[in-house]
Amino acid sequence: MVTGKYYEGVGRRKSAVARVRLFAGSGVFTVNEKPVNEYFPISTLLASAMSPLKVTANEARFTVSAQVKGGGPTGQADAVALGLARALLAADATLKSALRKAGLLTRDPREKERKKPGLKKARKAKQYTKR
């Protein structure tokens, strides 16, 4: 575990919540105490989680530690990306335009819609039969 001064960002997506901390360091990236490529073995999820570092060209400048809870793999990867973008912004305000242009500072507001009474799911109704 890295100690000392850090920058923090919280990212949320669907029901996943990620707390991301940036330390000045060597470029080690851990998610829930595992290396990021082990936690997100699918390349698209790994690319999504790492995108703020790639866009700002800061892969080796910071050591990143993320704690993620809830949701599934996609939601967790996107939550880590948002938290990381917010932490990078706290660390260096000059990165705002690059992060904003890449769409990494915008929280995705879509959530699971609740099930309504009389329906099978949120919107799915029973099939109408005429005869």
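With point charges of +1 on the Cβ of Lys and Arg and -1 on the Cβ of Asp and Glu, referenced to the Cα centre of the chain, which listed residue (Ser97, Phe62, Gln76) lies farthest in the positive direction of the dipole? Highest projection toward the positive end goes to Gln76. Sorting Asp92, Asp78 from the fewest to the most surrounding beta carbons within 10 angstrom yields Asp92, Asp78. What the Kirkwood sum gives for the chain is a hydrodynamic radius of 15.8 Å, with every pair of different alpha carbons counted. Of all DSSP bridge pairs formed entirely within the chain, close to 85 percent run antiparallel.
Fewest neighbouring Cβ atoms within 10 Å first, the residues Tyr128, Tyr7 line up as Tyr128, Tyr7.
Sort Arg12, Arg131 by Cβ crowding within 10 Å, fewest neighbours at the top.
Arranged by neighbour count, lowest to highest, Arg12, Arg131 become Arg131, Arg12.
Seen against the Cα atoms of the chain and their longest principal axis, helix 43-56 is set at about 50 degrees. The angle between the Cα long axis of helix 73-91 and the main principal axis of the chain comes to about 40°, on a 0 to 90 degree scale.
Counting only lysines at least 8 places from Lys112 when in the same chain, those with an alpha carbon closer than 22 Å to its own are Lys14, Lys69, Lys120, Lys121, Lys124, Lys126. Each peptide in 97-107, 19-29 receives the mean, over its residues, of other Cβ atoms within 10 Å, and ordering these scores from highest gives 19-29, 97-107.
The numbers here are math on the coordinates, done by the rules we state, and not lab data. Note that the structure is a prediction, hence the values are computed from the model and not measured. All Cβ positions, even for glycine, are placed from backbone atoms using ideal geometry, and neighbour counts span all protein chains on display.
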